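**Q** The structure under discussion is supplied below as structure tokens; questions concerning it will follow.
The values are calculated or read from the model by the stated rules, or taken from the named source; none is laboratory data. Quantities reported herein were computed from a predicted structural model and do not represent experimental measurements. Every residue, glycine as well, gets a Cβ built from its backbone with ideal geometry; the counts of neighbours run over all protein chains shown. Heavy atoms of the whole protein, side chains included, go into the accessibility calculation; ligands, DNA and RNA do not. Shrake-Rupley method; radii C 1.70, N 1.55, O 1.52, S 1.80 Å.
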Amino acid sequence: MNPRQFQGLSLSRAVQLGRSLLPAGPYDSPGLDALILLCHSMNISKEQYYARMQDSLPQAAGELYARALERRISGEPVAYILGFKEFYGLEFRVNPGVLIPRPDTEILVDWVLESHPADSPLVIHDCCSGSGAIAIALAHMRPAWDVSASDISLAAGEVFGVNAAALVPTSPPLWFQSDLLESAAQREMKFHIITANPPYLTPAETRERELEGWKEPMLALDGGEKGLDLIQRLASQAHDLLEPGGWLYIEAADDQADAIEKLLKTLGYADLECKKDLAGMKRISRGRKR
Ligand code: GLN
């Protein structure tokens, strides 16, 4: 892409031109992406953009904008280009070492917050913590809770540390590396609540994304056989680490909800329930240790 092609254009023309260059598939939002990338290149807010739409694009910003569009055209998600993603009203740092937090996962956070007393000293663990979206949102909203988190990926641990220090500086959740809950078990930890957005894509879905050149880590997506391998192990380990009456919350896909309910029942969990996501798909399952 010729970075000079934006020279002398008004900001609104630059957004229009960017929009016409970006991918426009059924799940893409080229207009919004172009606007966000232009604002990022100029270091201005969307409000400032709307006030200055007729101004002309400075040359240095035009070059940054062209580079950002190129990255988007090559398939990089906007969140990786910006380096952050908003989740639960907080700005999370992200990089290609972690999954980009999804709005659907906010429903898991909502459900936990509305189901348990805010002022009790509850002990919570978020497994497969990635960037820290779930654990850090919970710690931010509930200072009385003792939140910890773990992930098998050290790269994710680094991102988690940056987010915890920035977003909950007075009480950053403890983080440790762990294959699912193995290290938590070795540490003989016990929890009132365990949450997880584990990898749950099926082998076919994983393959499809690899073919598309998906930029997020497959480690965070690949759920093994039927997408349920990790969920099976996790639910079984969680049953050992939960206090009696403690809760497990798991995010998964709609067509996995029935299998998860059966699995949790077999493992001895009670009070099984499922919550739907923003698109009306069964997304979050929970069960209670008797
Ligand atoms: N919902 C995510 C996606 O479809 C999958 C997240 C996961 O495997 N934990 O990209």
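**Q** Can you give the percent of C-alpha pairs in region 173-265 whose distance is more than 20 Å?
**A** Result for the distance tail: 40 percent.
**Q** Still on this model: Over region 1-98, one equal point on each Cα, no solvent: what is log10 I(q)/I(0) by the Debye formula at q = 0.12, 0.13, 0.19, 0.20 Å⁻¹?
**A** At q = 0.12, 0.13, 0.19, 0.20 Å⁻¹ the computed log10 ratios are -0.36, -0.43, -0.90, -0.99.
**Q** So how much slack lies between Ala259 and Lys276, counting 0.36 nm per residue of separation and subtracting their Cα-Cα distance, in nm?
**A** Computed gain between Ala259 and Lys276 is 4.6 nm.
**Q** If you don't mind, another one. Under a crude label model (7 Å from the Cα following the beta-carbon direction), how far is Ser56 from Arg290 in nanometres?
**A** 7.7 nm
**Q** Using the Cα atoms as the points, what is the convex hull volume per residue of the chain in Å³?
**A** 135 Å³
**Q** Here's another thing I want to ask about it. Run the reach check for Lys262 against lysines, Cα to Cα strictly under 23 Å, same-chain hits fewer than 8 apart removed. What comes back?
**A** Lys226, Lys275, Lys276, Lys282, Lys289
**Q** For region 64-154, just the Cα atoms, rotate onto the principal axes and tell me the three extents in Å, largest first.
**A** Per principal axis, max minus min of the Cα coordinates gives 51, 25, 18 Å.
**Q** Would you kindly work out the equivalent ellipsoid of region 1-45 from its C-alpha gyration tensor and give its semi-axes, the square roots of five times the eigenvalues, largest first in whole Å?
**A** Taking √(5λ) for each Cα gyration eigenvalue gives 18, 13, 8 Å.
**Q** If we count every other residue with Cβ under 9 angstrom of Phe92's Cβ, Lys/Arg +1 and Asp/Glu -1, where does the sum land?
**A** Around Phe92, the surrounding residues sum to 0.
**Q** Oh, and also: So how much slack lies between Glu158 and Leu32, counting 0.36 nm per residue of separation and subtracting their Cα-Cα distance, in nm?
**A** Working it through step by step, the gained length comes to 42.4 nm.
**Q** Okay, next question. If you take every residue apart from Pro217 with its C-beta less than 14 Å away from the C-beta of Pro217, what net charge results, scoring Lys and Arg +1 and Asp and Glu -1?
**A** Taking every Cβ under 14 Å from that of Pro217, the sum is -4.
**Q** How much FRET efficiency would the formula 1/(1 + (r/R0)^6) give for Arg13 and Met218, where r is the Cβ-Cβ distance and R0 is 35 Å, rounded to 0.05?
**A** Once rounded, the FRET efficiency stands at 0.35.
**Q** Let me understand region 109-202 better: what is its radius of gyration from the alpha carbons, and its Dmax, in angstrom?
**A** Reported Rg and Dmax, both Å: 12.5, 39.
**Q** How big is the charge dipole of region 68-195 about its Cα centre, in debye rounded to the nearest 20, if each Lys and Arg gets +1 on its Cβ and each Asp and Glu gets -1 on its Cβ?
**A** Using Cβ point charges on Lys, Arg, Asp and Glu, region 68-195 gives about 200 debye.
**Q** As a test of the formula, what do you get for the chain when each DSSP H run with n ≥ 4 contributes -39,500 (n - 2.57) and the sum is divided by the residue count, at 222 nm and rounded to the nearest 500 deg cm²/dmol?
**A** About -12500 deg cm²/dmol.
**Q** Quote the FRET efficiency, to the nearest 0.05, computed for Ser183 versus Gln48 with a Förster distance R0 of 45 Å and r equal to the Cβ-Cβ distance.
**A** So, using R0 = 45 Å, E works out to roughly 0.45.
**Q** Mind checking the per residue accessible area of region 37-85 for me, 1.4 Å probe, whole number of Å²?
**A** 52 Å²
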